[in-house]
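Before any comments, here is the structure.
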């Protein structure tokens with residue numbers, strides 16, 4: 001008999017949870033952190049056990065994106081209040097606030113938290129030097145254009161091994177950028193607008209959802225062929241297992257179900273309903289032992305990939 005999977009419910013948000021991001025494994029602790037973005041404007045930090053660590057207070061609008069740096073000491077957030085902010089995760093204090101001219105939909109810190117990428121409704125990608133926070137940002141531009149994309153940008157990624165950024169959005173195009181020259185170096189055009197793009201760092205893979213498709217693309221163009229699967233439901237977000245790479249989890253805004261699919265053929269392996277609203281975001285933890293889902297119902301659910309293991313807040317569940 002298959003073990004019963006009981007998710008851990010993380011409450012605290014009061015509106016839909018729209019983005020989740022785990023830190024890498026923290027070298028000194030063998031643990032990791034989870035940061036959540038919510039339309040309530042209050043991004044939250046949790047530890048690897050699911051315990052609430054703190055809430056970053058300061059935004060005046062929905063927070064669409066939150067990311068952590070490699071050692072978990074800094075967090076970046078992008079908001080509908082036309083700002084991107086950088087935070088100290090130990091004290092919860094705001095370190096920097098950068099004004100924009102429209103909604104900031106996506107942010108990404110460099111591994112050492114020395115730089116910040118932001119993008120959103122302005123169709124521009126900004127590069128901030130956090131060692132000189134009062135200096136003007138640099139802009140990533142295509143030839144003969146002042147913009148990086150022709151529509152809303154949904155995601156930006158930082159390549160930790162190269163000075164390269166990746167951006168994607170509603171214009172159906174994924175673009176790679178040389179962050180030193182501030183120039184486009186590669187692009188891929190999809191059939192549908194990009195709804196999400198996350199980096200599976202251990203696999204050097206971009207996991208991209210667009211239309212009913214999930215595409216697994218090399219972070220370094222040409223490193224390996226793109227693997228594309230078409231699902232029965234249009235995925236809002238997807239995440240590749242960081243260790244085995246034999247499965248991925250996906251959510252959809254059309255129903256409250258969390259589904260795990262096989263990587264090679266896209267067959268449905270597991271399906272769970274616990275949320276009370278559509279799923280906006282999913283992501284595997286860096287050790288692959290859990291994945292998190294965020295929903296329209298305002299909750300985060302943590303799902304074990306090894307059912308029955310009791311630790312952290314799971315110790316209090318039957």
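Residues of the range 271-293 that are closer than 23 Å to residue 202 by Cα and either assigned to a loop (DSSP other than H, G, I, E, B) or within 13 Å of the chain's Cα centre (by Cα) (or both): 281, 282, 283, 284, 285, 286, 287, 288, 289, 291, 292, 293.
In this structure, residue 279 does not satisfy being modelled with pLDDT of 95 or more, touching a strand residue (DSSP E or B) at 6+ places or on another chain (Cβ under 7 Å), under 30 Å from residue 27 (Cβ atoms) and crowded, with 24+ Cβ neighbours inside 10 Å. Once the range 6-31 is narrowed to residues that are at pLDDT below 95 and surrounded by fewer than 14 Cβ atoms within 10 Å (Cβ to Cβ), the residue that is nearest to the chain's Cα centre (by Cα) is 11. Number of residues in the range 128-158 that are buried (at least 20 other Cβ atoms within 10 Å of the Cβ) and either part of a strand (DSSP E or B) or under 19 Å from the mean Cα position of the chain (by Cα) (or both): the value is 8.
Inspect all residues belonging to the range 84-102 and state whether any of them is touching a residue at least 40 places away in the same chain (Cβ under 8 Å), out of contact with any strand residue (DSSP E or B) (no Cβ under 6 Å at 6 or more places or on another chain) and in a loop (DSSP other than H, G, I, E, B). Checked against the condition, which is being touching a residue at least 40 places away in the same chain (Cβ under 8 Å), out of contact with any strand residue (DSSP E or B) (no Cβ under 6 Å at 6 or more places or on another chain) and in a loop (DSSP other than H, G, I, E, B), the range 84-102 yields no hits at all.
Out of the residues in the range 8-60 that are assigned to a loop (DSSP other than H, G, I, E, B) and free of Cβ contacts under 8 Å to residues at least 24 places away in the same chain, which is nearest to residue 296 (Cα to Cα)?
If we take residues in the range 8-60 being assigned to a loop (DSSP other than H, G, I, E, B) and free of Cβ contacts under 8 Å to residues at least 24 places away in the same chain, then 60 is nearest to residue 296 (Cα to Cα).
When residue 185 is tested against the conditions (1) part of a loop (DSSP other than H, G, I, E, B); (2) touching a strand residue (DSSP E or B) at 6+ places or on another chain (Cβ under 9 Å), the lone failure is (1). A search for C-beta distances below 7 Å between a residue of the range 188-211 that is in a loop (DSSP other than H, G, I, E, B) and any residue that is modelled with pLDDT under 95 and surrounded by fewer than 22 Cβ atoms within 10 Å (Cβ to Cβ), counting only pairs 6+ apart in sequence or on different chains, returns 204/223.
With the structure loaded, tell me whether residue 272 is in contact (Cβ under 8 Å) with a residue 60 or more places away in the chain and surrounded by fewer than 22 Cβ atoms within 10 Å (Cβ to Cβ) or whether it fails that test. Full working, then the answer.
Details: in contact (Cβ under 8 Å) with a residue 60 or more places away in the chain: yes; surrounded by fewer than 22 Cβ atoms within 10 Å (Cβ to Cβ): yes.
When the stated conditions are applied, residue 272 passes them.
Of everything listed in (1) in a loop (DSSP other than H, G, I, E, B); (2) surrounded by fewer than 20 Cβ atoms within 10 Å (Cβ to Cβ); (3) at negative phi, the single unmet condition for residue 222 is (3). Looking at the range 87-109, which of its residues are within 25 Å of residue 53 (Cβ to Cβ) and surrounded by fewer than 20 Cβ atoms within 10 Å (Cβ to Cβ)? Result: 88, 90, 91, 92, 93, 94, 95, 96, 97.
The values are calculated or read from the model by the stated rules, or taken from the named source; none is laboratory data. Just so you know, these numbers come straight off a predicted model, no measurement behind them. Note that each Cβ is placed from the backbone with ideal geometry, even for glycine, and that neighbours are counted across all protein chains shown.
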